[in-house]
Structure formats: C-alpha cells, structure tokens
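The following block contains the structure, expressed as structure tokens.
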Amino acid sequence: MYLRHNIILSLFISIVVISCSKDQDDFVKINKTNFEINGKDYTYIGTNYWYGPSLYFQKDEQRGIKRLSSELDFLVSKGIKNLRIVAAVEGEGLLQGVPRVGPVYQSAPGVFQADNLKGLDLLLSEMSKRKMKAVLFFSNNWDWSGGFLQYLRWNNQVTEEDFQAKLSWDSLRDVVSKFYSCAPCKEQYLDQVLSIINRKNTVTGQIYKDDGTIMAWQLANEPRPMRPAALADYIKWISDVAAEIKKIDSKHLVTIGVEGEIGTENIETFKKIHSDKNIDYATIHIWPRNWSWYKELHDEGQFAQVLELTKSYIDSHSDVMKELGKPLVLEEFGYPRDNNSFSPDEKTSIRDKFYDEILNKWKNGIKDKSPLRGINFWAFGGQARPIKNQNFWKEGDDYMGDPPMEEQGLYSVFDSDTSTWNVITKYQNK
C-alpha cells in the first residue's frame, strides 16, 4: 500500500511538472536577435486586429462573437497567428471631434469597468485554441482609444475646449508632450497597466501574467515624445514603466510600440530606449502616405522611391538592433488601394507590390540572420465593409482595420482581398 501510494504520488508530481513545463514552453522568449518558443525559432507574418475585443459586445451575434470566431479561423487558414490588439480604452465619447472606440475600461481616474475586458478575455481564449499569439498595447499616443490625451484632460493639462476640438498638429504636439512630465497622468496610466497584467480571465480562469497566449506587453501605440524638450522625461517614463512591468511579470516580453526614428525624433533616441535592459525587442512602423514619401499614387518613379526609403528605413533600424543584440518587428505598414479608393471593389495592385517587397525583404532577412523576425501589416478589416457615401466611422457601424478618425477602407485588408492574401500566403509557404 505504501509503495502504491508513493508511485501514485510520484506520477502526480510528474504530471504537474510536465504541465508546468508545457505552460512555460508556450511563452515567446528571445535568444539574441531571435524569438523562440520552446527553443525553436519563432518568425511570423501577423496583422493588427485592434478591434477584436470589441466584437464581444455586439448585440447581434452574427456581427459579434460569430464574426470573431469566423475571422480568427480565416486568419489561421492564411497562416496569420500573431495579432496586435488594443488592451484598454480610456474614457468615452467624442475626443478631438471624433468618436473613440469602445468599450471604456478606465472610465475615470482609477475607476475600472472590469466587465468591459470580457471581450479581451474571450479573444485570448479563442486565440489560445488556435495557437495564436497576442501583442497587447496598454494605451495610445493618439485619440481614437482615449490614450494620453484622456489622462491629460483628467489632470487639467488640456482645456475641455481643446480636448473636444480638433487641435492643429503643432498644438497637439505641445499638449501630448506634457504627458511625460505629468505625475498623476503617469500614475493613472500605470494603475491601468498593472490591473490588466494581474487580471483573471473570466473565460479560462488564467491570470493574464501567466498566459502564454500573450507574446508581449506594449507600453502604448506609437508613443512619441512629440517635442524634443520632452525627450528626457520620455526616456525615463519608458524605463520606469518597463521596470515596473518586469517586477511583477518576468514571463512576458516587453516592448515600447514606437514607429522608429520618425517617432522618436532621431535614431540615437531609438537606440537608447531599446538598450534598456527591460525592453526585450524593438518595433518600427512604415507609412509612405502619412509621411509624404510620395505625392502621386500611380507615379512609378515615386513608387520606386517609396521602396528605396522603405528598405533604407528597415536597414537602418536593423543595424541598431544588430548592435543591441535584440529582435526587431515591423508591426505596422499600409498602402492605399488603387485610385485612393476606399471601396473593396477597387483593385490593390500597388498595395500588393508594396507588401511583396516588404515580405520578400523579411523572408530573405531571416535566411541572412537579420534581426527583423516578425511582421504585422495594418490592418485586418475582416468581414466589415465601408458604407457607401460615408467615409468615416459612426457609432453602430462595424469595426474594421481603420480607426474612426481615418477613412474607412483606407488601409484595411478585407477577407475578400484575394490578390493581397495571395502575396501573404506566398511568403508563408516559401
């Protein structure tokens, strides 16, 4: 009896150990400039799926949780298993004259609507079933999910009039740059970060910080210093937040979410913030239209220039990451449809060429040991479609890859964009 008891006890311990080991193996780790899962290289083509958690709250299941399940299945069928997602929304209502996405998580300083993360709970659960990985960003430099502007308004660093109105670019830079020197703003942001990391998933029962479905925590979407005068506070904020995250969660990767040199004022700042010991890998974004890399969409000479600038941008940041010995991810890039159309009926021939060049560079770079290990295009639009004669999102419309302040259909890759998917799957299979 004693021997039998010991055998059963040993078997139980072995099962627990194996189970724990398996859980640990699910986490994405870094090995110099490589990502790894269970000791094997992890490289990927992913997408931005920021609206995924919001589908849970659609009253019509066909537009909500059934759409979510169907879209995840579609993505997996195309080899897409890495999704970048907004973790939380601050505040609600109009901001800069534009409706922000929902539902709200932090409705007032330190006041969290826990039930409004049930959509994220469900999404992570469904992704786990499909062996997908998530990158979750905690806040936003821009207004469409509340972000830094909301913290600044809560702490009277911006007037209600300027908060609601559409600020000029220079005024917006002046205002948002104050976030990094606003102590209560940063405290309220950190409260949100810690509440998410320690959340218990209502679907799986798993604490977020123990969930290997999550690849990385990202400080924010495109956090910029906005003004050179804010650089010192910006660098310190990154270091402080990353250290706080690592104190309570050593399992997950931490990254910043920046665009690269264009978002950090200079390449030296990009290098400095990514040399921090608690920042595991770097990101870059590439936006030829937004950055005025071309004037005429169909001009072949200008498109050739776009490709050269794109390759140069990737190379310069890859060189920095080689020096730092950390991976790099191109986690946002996009191109308009032909004729600057927003309609899914329009072709995507120029976009497809742009995607093809980027994916080819990524794939060849893997062979050459480049730090560029992952790619997330912007953005998956799924089953949604733009509404005819209506450029911008309104409350009640289906979410797609383009946030409310952008023309709906501008950069979205819909499930019907066969030619674009053919480019993507070509590189999945190479």
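The values are calculated or read from the model by the stated rules, or taken from the named source; none is laboratory data. Quick caveat: nothing in here was measured; it's all calculated off a predicted structure. No Cβ is skipped: glycine too gets one built from the backbone with ideal geometry, and neighbour counts run over all protein chains shown. Just so you know, the surface numbers come from the protein's heavy atoms only, side chains and all, with ligands and any DNA or RNA stripped out. Shrake-Rupley method; radii C 1.70, N 1.55, O 1.52, S 1.80 Å.
Take every Cα pair under 8 Å in the stretch 278-418 that's 6+ residues apart, average their separations, divide by the length, and report that relative contact order as a whole percent.
23
Where does each of Arg153, Arg351 land when they are ordered by accessible area, with a 1.4 Å probe and the largest first?
The ordering from most to least exposed comes out as Arg153, Arg351.
Let me check against my output: what whole-number percent is the relative contact order of the chain, with C-alpha pairs under 8 Å and at least 6 apart? Please list the in-between numbers first.
On the way: 799 pairs, mean separation 70.9, N = 430.
The normalised contact order for the chain reaches 16 percent.
So, in Å, what gap is there between the alpha-carbon centers of the stretch 192-261 and the stretch 141-165?
Their Cα centres are 21 Å away from one another.
Per-residue HN-Hα couplings for the stretch 165-174, Karplus 6.51 cos²θ - 1.76 cosθ + 1.60 at θ = phi - 60°, whole Hz, x for Gly and Pro?
6, 8, 6, 5, 4, 5, 5, 4, 4, 4
Still on this structure, please answer the following. Report, to the nearest whole %, how much of the accessible area of the chain belongs to carbon and sulfur atoms, 1.4 Å probe, protein only.
50
Another question about this same structure. Once the Cα atoms of the stretch 209-277 are picked out, what are the Rg and Dmax in Å?
According to the Cα coordinates of the stretch 209-277, Rg and Dmax are 12.5, 39 Å.
While we're on this one: In the structure shown, do any of Lys66/Lys394; Lys81/Lys246; Lys78/Lys178; Lys66/Lys426; Lys246/Lys353; Lys129/Lys347 have a Cα-Cα gap over 32 Å, and if so which?
Details: Lys66/Lys394 22 Å; Lys81/Lys246 25 Å; Lys78/Lys178 42 Å; Lys66/Lys426 28 Å; Lys246/Lys353 40 Å; Lys129/Lys347 34 Å.
Over 32 Å Cα-Cα: Lys78/Lys178; Lys246/Lys353; Lys129/Lys347.
Mean residue ellipticity at 222 nm from the helices of the chain, using -39,500 (n - 2.57) per DSSP H segment of n ≥ 4 over the full residue count, to the nearest 500 deg cm²/dmol?
Only helices count here, giving -12500 deg cm²/dmol.
Can you grab the distance from the C-alpha centre of the stretch 97-136 to the C-alpha centre of the stretch 375-423, Å, no decimals?
What the calculation gives is 20 Å, centre to centre.
Excluding residues on the same chain fewer than 8 positions from Lys322, give the aspartates and glutamates whose Cα lies under 20 Å from its Cα.
The qualifying aspartates and glutamates are Glu36, Asp41, Glu259, Glu261, Glu268, Asp276, Asp280, Glu331, Asp368.
Charges at C-beta only: +1 for Lys and Arg, -1 for Asp and Glu. How large is the resulting dipole of the chain about its Cα centre, in Debye rounded to 20?
Using only the charged Cβ atoms, the result is roughly 1500 debye.
Still on this structure, I have one more. Within the stretch 229-334, which trypsin sites (Lys or Arg not before Pro) sit in a loop by DSSP and count at most 10 neighbouring Cβ atoms inside 10 Å?
When the trypsin sites (Lys or Arg not before Pro) of the stretch 229-334 are filtered for loop state and at most 10 Cβ neighbours within 10 Å, Lys277, Lys295 remain.
Related question: Tell me, what is a quarter of the convex hull surface for the C-alpha atoms of the chain, in nm² with one decimal?
Spelled out: convex hull of the Cα atoms, projected over all directions, averaged, 22.6 nm².
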